[in-house]
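The structure appears right after this line, and notes come after that.
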Amino acid sequence: VMDSKDTEAEIHPLKHEDVKAQENHENSVERRVGSKQSSQLSRLSRWRTAAFFISLFLCLIIVFAFSFVIPCPERPVSERTWFRNYDDAVAYPFLAIEDVNKDKVQDVIFVFKASNGSSSFNRSCLDEGLPSPCAFVAAVSGTNGSVLWERAAAEDVEWVECGINQLGGAQAPSCLIVGKPVALTAIDQQTGEVQWRQSSDFGANYTVLTPLSVIPDVDSDGVQDLIIFIATENKVCHSQPVIKPLPRLQGITLTPLLTSRRNCPQASEFGVPSFPACASHSVRFFVLFSSGDIRYLVRIPSGSGENILIVQSEMTMLVNGKNLQNLWTLNTSGVISEPLLGYYKPDVLGIVLESDIGPNRKKVMIVEAGSGAIQWDLKLNSRAHSPEPATLSTADHRSTFLFWGEYQIPGNETSSKAALQKLYLFHPSYTNVLLELRNSTDQIIAFDAALFERSRHACYVLLRGPQPGQEPGFVSLMKRKLKEDVSESRVIWLSQVAVDSEQYVRERLYRMRFHSRD
């Protein structure tokens, strides 16, 4: 049986040839189209490959440029511990931690008395027209302790404050030194250059109190005004303005203290501060208190501005910074260190107070700033002129508290002997735990703690050696990373209940993160 196609071909042979030719033509067209598409894809693939390698080449050039050609900014490497030593010197109980050289690492400013500065600058008292020995203000690098600048500032020093903005019209922050005999000196904090000096007279038997207050431009000369608080004869006076860096004279204007006393009525009989009725632009000093000695004045931030904490011999009070109305009063006898701010509760401002409670004994209290309520307290053995406490803000919106003394188990206290100097760490996450960080037999002149880099590198600074009035000797300034001591600390339980193991507590406080609030 023949196939139907073969039969059709035999009947119509020419038609069959035409069909075959048409099929061959269609196949040829399909092959040419496929070949053309294949050629286009091949060219597209080559362009893609070229684009890929060009992009890769450009990336390698950029990486090479940033790695080897364009220098990246070097981040300062801070040493964990460094020392700065001075021979034949005495040191003042003052430390300021500021970024002097603008490398984003905090530096240390301190004051010592000697005939000459360090070998790094080879400056003498005679270079500034001062008798020898004299007081030098020095700034050292927070990274390695190298000297940034030194300046002979005064014969002797009564009081120092740094970090004052626009003092004398300067752009960089400045330090103000109150010298003995009375002379005010403004020093550029960044370079150590003297901006101005001015002899002054605060009267007899005066004591300079903190804080130095920044006030608006009273006389509209475009230069910011400042107030210094002065205690004399159991009264506290302030000036308006005590310090006025004049653009023409580069000095200050002062009105004698006795002028105000003769012309102004006395303040409240009960020690509550009030401005006298005779206050005017011609009277520069106003009496704030008429009873009780004033030991410290501290600015306390509040939601509506600043309040003033006033520490007297028998009580501590907080007054409104605007109308000077009393907000709260706390009985505190013999406060022995300048009040300090910290956070016992998250974001709730507290005040650290240390008061004398007997021979070689003191009590550390954390007081809520808003209400005056005592949040936490601890009794310690303490020697005279014990280093002041310090605080560091932590990432949980609270603070780490550092203070000196000697803790003894209740019932075994000994107050007859001089206490050892031990540094303790307390954090509110463990209300019944102290970490004993270090023992020191040296004479500690000043102590402070700070984050030397933003939200990291928590360190403390110790200034040790003889003080003014003692024989000159070896003065040492030391910075040490806090975690170095935490890892080797001794855990002390304030109660018999141990919540966690000592190693767990130590490790948790070691891992604690710090946070800059400014």
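Largest first and in whole Å, give the semi-axes of the range 107-153's equivalent ellipsoid, each being the square root of 5 times a Cα gyration tensor eigenvalue.
Values for the range 107-153, descending: 20, 10, 7 Å.
Mind checking the full-extension length gain between Lys180 and Leu58? Use 0.36 nm per residue of separation minus the Cα-Cα distance, one decimal, nm.
37.2 nm
What number in nm² do you get for the range 347-397 if you take the convex hull of its Cα atoms and divide its surface by four?
Seen from a random direction, the Cα hull of the range 347-397 projects 4.0 nm² on average.
Could you give log10 I(q)/I(0) at q = 0.14, 0.17, 0.32 Å⁻¹ for the range 319-368, computed by the Debye formula over C-alpha point scatterers of equal weight, without solvent?
Computed log10 I(q)/I(0) values: -0.44, -0.63, -1.14.
Can you give me the solvent accessible area of Lys422 with a 1.4 Å probe, rounded to the nearest 10 Å²?
Lys422 has an accessible surface of roughly 30 Å² with all protein chains in place.
Starting from the Cα-Cα distance between His385 and Gln467, subtract it from 0.36 nm times their residue separation and give me the gain in nm to one decimal.
Gain on extension, His385 to Gln467, equals 28.4 nm.
In whole percent, what relative contact order does the range 455-518 give with Cα contacts below 8 Å and a gap of six or more residues?
The value is 36 percent.
Which number comes out as Rg/Rh for the range 367-463 once both Rg and the Kirkwood Rh are worked out on C-alpha atoms?
When Rh is taken as the Kirkwood radius, the ratio is 0.98.
With each pseudo-label sitting 7 Å past Cα toward Cβ, what's the Ser146-Ser200 distance in nm, one decimal?
Reported label-point gap for Ser146 and Ser200 is 3.6 nm.
Using the Kirkwood radius over C-alpha pairs as Rh, can you work out the diffusion coefficient of the range 296-383 via Stokes-Einstein at 10 °C, viscosity 1.306 mPa s, in µm² per second?
Diffusion coefficient, whole number: 120 µm²/s.
The values are calculated or read from the model by the stated rules, or taken from the named source; none is laboratory data. In this text, all values refer to a predicted model and were calculated from it rather than measured experimentally. Using ideal geometry, Cβ is built from the backbone for each residue, glycine included, and neighbour counts are taken over all protein chains shown. Just so you know, the surface numbers come from the protein's heavy atoms only, side chains and all, with ligands and any DNA or RNA stripped out. Shrake-Rupley method; radii C 1.70, N 1.55, O 1.52, S 1.80 Å.
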